[in-house]
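A short write-up of the structure that comes next.
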Ligand code: ADP
């Protein structure tokens with residue numbers, strides 16, 4: 001068995017009830033060593049609740065949960081030292097300086113060093129790893145939002161955790177800070193071999209960071225796979241748009257490359273403005289969550305889905321069953 005086969009998180013039949021409401025009804029999943037897994041879901045789906053149960057901060061109502069081989073409800077200090085947590089917001093210690101705080105917090109982990117993992121992370125190495133070298137001697141209240149978030153991560157990883165939880169790590173960051181943060185998470189996964197579980201609302205972020213995406217909705221994991229697998233599972237087809245003789249056409253197909261090739265072979269230079277839109281994670285996410293919550297697809301009644309239209313566009317080979325989109329542009333997005 002390689003380390004990649006090692007199960008780090010094992011959740012089976014997890015239930016969480018607040019009052020009379022079951023927020024988590026039956027959540028089951030596994031995460032293996034070294035994986036970066038993203039938990040997606042609408043507001044109120046129970047993502048933070050799930051994370052807090054796994055972190056040992058919240059007691060579940062029912063189900064089996066093992067984190068690094070231990071029930072988090074009974075995790076001791078040694079177990080806790082192996083788990084890193086970056087909460088949604090954290091605003092204490094404004095008067096401390098960056099290096100000072102990290103050195104101080106790091107001392108707590110020294111007794112949990114093992115032959116394999118030396119704890120804590122050296123403060124200066126850690127500061128460099130999270131890109132805060134220029135701010136090492138600054139007071140924490142003087143940091144920008146992005147710097148502050150990187151310090152939050154530094155605090156979460158100062159004990160060199162084997163497993164790291166990040167709850168909406170980039171909320172409120174500008175695009176540059178967000179990009180830097182993504183690089184940091186990728187480095188942690190690649191260079192430190194850290195297993196990472198994160199929540200986000202940002203589908204692009206999920207696609208960029210995660211090896212695997214789980215969608216939580218209606219108290220259950222309703223989808224689990226790579227971004228590509230999820231996109232294929234639901235949408236399955238790409239959308240090809242093109243113009244010919246001043247008319248626009250659209251066609252959904254599972255074989256967009258072959259379709260475009262056939263189109264050019266048949267019409268050559270008459271084809272202009274060819275555009276292939278791949279199925280995206282956003283399509284999948286919206287479709288899955290709508291199915292789960294019983295919300296109707298916006299296109300379902302109007303029949304505006306291009307592949308649902310029977311008529312061929314004028315002058316187009318009926319074999320392509322392409323639809324003229326003159327009246328439909330924007331109607332399907
Ligand atoms: P998410 O992180 O997906 O937005 P949360 O886990 O924060 O979802 O919340 C899930 C649901 O549980 C929400 O409806 C929220 O109001 C409710 N909830 C969260 N914490 C508590 C609590 N301590 N007591 C009662 N209800 C709670």
- Task: Compute the length gained on full extension between residue 291 and residue 266: take 0.36 nm times their separation in residues and subtract their Cα-Cα distance, giving the result in nm to one decimal.
- Result: 5.1 nm
- Distance (nanometres) between label positions extended 7 Å along Cα→Cβ at residue 12 and residue 77: 3.2 nm
- Note on the structure: Here the FRET efficiency for residue 142 versus residue 176, based on Cβ atoms and R0 = 22 Å and rounded to 0.05, is 0.70
- Task: Could you work out which residue, out of 240, 289, 153, moves most in a Gaussian network model of the chain, that is, has the largest mean-square fluctuation with Cα springs under 10 Å?
- Result: 240
- The helix 98-107 Cα axis meets the longest alpha-carbon principal axis of the chain at an angle in degrees, between 0 and 90 and rounded to 10, of 70 degrees
- Query: Can you give the angle from 0 to 90° between the axis of helix 281-293 and the longest principal axis of the chain, with both taken from C-alpha atoms, to the nearest 10?
  - Reply: 90 degrees
- So what does the Cα-only Debye profile of the chain read at q = 0.10, 0.13 Å⁻¹, as log10 I(q)/I(0), no solvent term? -0.71, -0.98
- Helix 145-157: angle to the longest alpha-carbon principal axis of the chain, degrees 0 to 90, nearest 10? 60 degrees
- Query: Of all DSSP beta bridges in the chain, what percent run antiparallel (nearest 5)?
  - Reply: 65 percent
- Using the alpha-carbon centroid of each, what span in Å lies between region 209-242 and region 281-295? 10 Å
- Be a star and scan region 181-213 for residues whose amide nitrogen sits under 18 Å from the point 7 Å along the Cα-to-Cβ vector of residue 57. 196-201
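Would you please classify the overall shape of region 24-71 from the alpha carbon gyration tensor, given that a ≥ b ≥ c denote the square roots of the eigenvalues, rounded means a/c under 1.5, and beyond that prolate means a/b larger than b/c while oblate covers the rest?
Judged from the Cα gyration tensor, region 24-71 comes out oblate (a/c at least 1.5, b/c at or above a/b).
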- Message: Once each part is reduced to its C-alpha centroid, what is the distance from region 252-269 to region 1-73 in angstrom?
- Response: 46 Å
- Query: Which residue, 233, 148, 80, has the most motion in a Gaussian network model of the chain that connects Cα atoms within less than 10 Å?
  - Reply: 233
- For the chain, what does -39500 (n - 2.57) per DSSP helix run (n ≥ 4), summed and divided by total residues, give at 222 nm, in deg cm²/dmol to the nearest 500? -9000 deg cm²/dmol
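Computed from the coordinates by the stated procedures, all read-outs in this text should not be read as laboratory data. Computed from a prediction, not measured in an experiment: that's the story for all the values here. Heads up, the Cβs are rebuilt from the backbone with ideal geometry, glycines too, and the neighbour counts pull from every protein chain shown.
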